[in-house]
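Right, one structure below, let's go through it.
The values are calculated or read from the model by the stated rules, or taken from the named source; none is laboratory data. Just so it is clear, the structure is predicted and the values come from calculations on it, not from any experiment. Every residue, glycine among them, receives a Cβ derived from its backbone with ideal geometry; neighbour counts consider all protein chains shown.
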Amino acid sequence: MSSKILIIDDDRELAGMLADYLATEGWQTGQAHDGPSGLEAAQAPDIDAVVLDVMLPGMNGFDLLRKLRDSSRVPVIMLTARGEDTDRIVGLELGADDYLPKPFNPRELGARLRAVLRRARSVPEPNEAVGELSLDHARRRVSLNGEPIDLTAAEFAVLERLLSTAGEVVAKDELALHALGRTLQPFERSIDTHVSRLRGKLGPLPDGQPRIQAVRGRGYVLLSPDS
């Protein structure tokens, strides 16, 4: 069965063009053109990914994403105005998996969608744990001291890569390839933002050290309690 992509954009011409292109790639699509109807549509169980514009009538894309993340981990790619770095950072901090600045080539959107869908459907590996932190690949769940931690698909993928090589530095581009399906653009801070959100959700180690530590010029490393 093909994936179903929901396009939420008040530009009906653009939404229709994207829907036509995605259909040629073999995907089913749905459309919504304002915030409230987009939020309702995004919560449907048959939606596999959402393409979400920032500027929407009735409820902007940021508010929609914030409300959506209260109940859903569905992958979200945000459409932002070119040059608006603040929009991109805010979107990632609210739980977007990736972003694409307008105007863009539909083929690039298709590539981003394939990456998030492939990650969401990856073959489960054995469960892993570092100290009190455990990751269940099959159920795509993370727990800390037995308490579940809600992560977005991108956050889960970043943690998955860091945990698989705990104690070793993982380069940002390697994290981006695993979590986003692409390398980073110059000066892009997507991985830094995802790591920042992970730190906030996981908290420090019992001794107060950051659980995920930055190594200047190299990347990030996940520390264990006995590091």
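For residues that are of a type in the set (Gly, Ala, Ser) and crowded, with 18+ Cβ neighbours inside 10 Å, scanning just region 43-71, find the one that is farthest from the chain's Cα centre (by Cα).
Looking at the filtered set, the residue picked out is GLY61.
Among the numbered criteria (1) in the same structural domain as LEU22 (by TED's automatic domain parsing); (2) part of a strand (DSSP E or B); (3) surrounded by fewer than 17 Cβ atoms within 10 Å (Cβ to Cβ), which single criterion is violated by PHE104?
Going through the list (1) in the same structural domain as LEU22 (by TED's automatic domain parsing); (2) part of a strand (DSSP E or B); (3) surrounded by fewer than 17 Cβ atoms within 10 Å (Cβ to Cβ), PHE104 breaks only (2).
Residue-by-condition table, conditions (1) closer than 20 Å to PRO75 by Cβ; (2) at pLDDT 90 or above; (3) charged (D, E, K, R):
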site: LEU180; (1), (2), (3): yes, yes, no
site: PHE187; (1), (2), (3): no, no, no
site: VAL195; (1), (2), (3): yes, yes, no
site: GLY200; (1), (2), (3): no, yes, no
site: LEU223; (1), (2), (3): no, yes, no
site: SER227; (1), (2), (3): no, no, no
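Let me spell it out: the conditions are (1) farther than 21 Å from SER3 by Cβ; (2) in contact with a Phe, Trp or Tyr (Cβ under 9 Å, 6 or more places away or on another chain); (3) part of a loop (DSSP other than H, G, I, E, B), and THR80 meets all of them except one. Which number is the exception?
Going through the list (1) farther than 21 Å from SER3 by Cβ; (2) in contact with a Phe, Trp or Tyr (Cβ under 9 Å, 6 or more places away or on another chain); (3) part of a loop (DSSP other than H, G, I, E, B), THR80 breaks only (3).
Any chance you could count how many residues in region 20-38 are in contact (Cβ under 8 Å) with a residue 12 or more places away in the chain, under 16 Å from GLU108 (Cβ atoms) and not in a loop (DSSP other than H, G, I, E, B)?
2
Only one of these conditions is not met by LYS67: (1) more than 23 Å from PHE156 (Cβ to Cβ); (2) modelled with pLDDT of 95 or more; (3) of a type in the set (D, E, K, R). Which number is it?
(1)
Does any residue in region 98-122 that is farther than 16 Å from ALA23 by Cβ come within less than 7 Å, Cβ to Cβ, of a residue that is crowded, with 17+ Cβ neighbours inside 10 Å and among the acidic types (Asp, Glu) six or more places away or on a different chain, and which pairs are these?
From region 98-122, the pairs are ARG112/ASP98; VAL116/ASP97; VAL116/ASP98.
Name the single residue that is farthest from GLN213 (Cα to Cα) among those in region 162-190 being buried (at least 18 other Cβ atoms within 10 Å of the Cβ) and not aliphatic (A, V, I, L, M).
Step by step, filter region 162-190, then rank; the result is GLY181.
For the subset of region 145-172 comprising residues that are of a type in the set (Gly, Ala, Ser) and more than 16 Å from the chain's Cα centre (by Cα), which member is modelled with the highest pLDDT?
Taking the candidates together, the pick is ALA171.
Examine region 123-144 for a residue that is under 21 Å from PRO101 (Cβ atoms), within 19 Å of the chain's Cα centre (by Cα) and surrounded by 16 or more Cβ atoms within 10 Å (Cβ to Cβ), and state whether such a residue exists.
no
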